[in-house]
1. Suppose the filter is at pLDDT 95 or above, of a type outside the set (Ser, Thr, Tyr) and outside any helix (DSSP H, G or I); does Gln17 pass it?
2. Hey, can you tell me all the residues within segment 113-157 that are without any contact (Cβ under 8 Å) to a residue 40 or more places away in the chain and within 23 Å of Tyr56 (Cβ to Cβ)?
3. Can you report the number of residues in segment 80-128 which are more than 20 Å from Thr27 (Cβ to Cβ), touching a helix residue (DSSP H, G or I) at 6+ places or on another chain (Cβ under 9 Å) and among the small types (Gly, Ala, Ser)?
4. Whether any residue in segment 68-84 is touching a Lys or Arg at 6+ places or on another chain (Cβ under 7 Å), within 24 Å of Ile169 (Cβ to Cβ) and of a type in the set (A, V, I, L, M) is what I want to check.
5. Only one residue in Thr146, Thr138 is over 23 Å from Lys51 (Cα atoms), within 16 Å of the chain's Cα centre (by Cα) and not acidic (Asp, Glu). Which one?
6. Filter segment 78-94 for residues that are within 18 Å of the chain's Cα centre (by Cα) and over 12 Å from Ala124 (Cα atoms) and give the result.
7. Considering each residue of segment 31-85, count those that are surrounded by 13 or more Cβ atoms within 10 Å (Cβ to Cβ) and either acidic (Asp, Glu) or assigned to a helix (DSSP H, G or I) (or both), and give that number.
8. Would you confirm whether any residue within segment 103-112 is assigned to a loop (DSSP other than H, G, I, E, B), free of Cβ contacts under 8 Å to residues at least 40 places away in the same chain, surrounded by 11 or more Cβ atoms within 10 Å (Cβ to Cβ) and not small (Gly, Ala, Ser)?
Amino acid sequence: MENKLHNPNFGEIGYIQVYTGEGKGKTTASLGLALRALGRGWSVLIVMFTKGGSNYGELHSFGNLSPDIKSRFKIINAGLDRIVYKSNKNERDREEVQKGWQIAKKAILEGEYHLVILDEANIAISLGLIDLDDMLETLKNKPQSTEVVLTGRNAHEKIIEIAHLVSEIHPVKHYWDIGIKAREGIEY
């Protein structure tokens with residue numbers, strides 16, 4: 001497929017990045033990358049798999065971006081308003097994730113954005129909500145200039161194998177271990 005992005009000032013090659021591991025900060029790192037890319041004139045798509053609702057601080061911030069940046073940015077929630085685990089996943093979770101995946105897949109293959117962040121895609125794959133082979137085929141066939149980031153625990157070894165950058169975040173210490181609940185403005 002022909003890449004729709006023609007600006008030669010953007011990165012020469014778009015790589016595949018993976019942020020995985022049991023530690024906190026995978027989504028946060030990808031959102032920092034999104035802000036950096038937007039600041040450099042890139043177009044950015046973020047699809048948040050297994051996450052629904054509107055009570056995320058990043059959604060409030062992104063809603064207040066300048067008109068210029070908003071014109072180059074899109075964020076999609078592809079999940080119900082709850083955390084999905086192996087024990088509670090259901091058909092509605094699959095439907096929501098698949099809606100988001102079809103949008104992301106089309107955007108990747110058609111080169112609609114310079115940067116596509118697939119937040120919690122690793123979780124969606126490990127839960128069987130996104131087909132691993134479909135993801136691999138999409139990543140292998142992405143336009144050369146499109147950068148793709150997958151976040152979430154449990155990155156599949158085949159995803160790690162084709163990625164160009166893999167960061168594994170390990171927890172050393174976390175205040176949740178002493179009973180501190182998720183805090184607005186820090187965790188969400």
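1. Answer is yes for this residue.
2. Listed by number, the residues that qualify are Ile125, Ser126.
3. Selection size over segment 80-128: 1.
4. Yes - at least one qualifying residue is present in segment 68-84.
5. Details: Thr138 fails: over 23 Å from Lys51 (Cα atoms).
After applying the criteria, what remains is Thr146.
6. Hits for segment 78-94 are Leu80, Asp81, Arg82.
7. Number of matching residues: 12.
8. No, there is no match, as no residue in segment 103-112 is assigned to a loop (DSSP other than H, G, I, E, B), free of Cβ contacts under 8 Å to residues at least 40 places away in the same chain, surrounded by 11 or more Cβ atoms within 10 Å (Cβ to Cβ) and not small (Gly, Ala, Ser).
The values are calculated or read from the model by the stated rules, or taken from the named source; none is laboratory data. Worth saying up front: this structure is predicted, and the values here are computed from it rather than measured. Methodologically, a virtual Cβ is constructed for each residue, glycine included, from the backbone with ideal geometry; neighbour enumeration extends over all protein chains shown.
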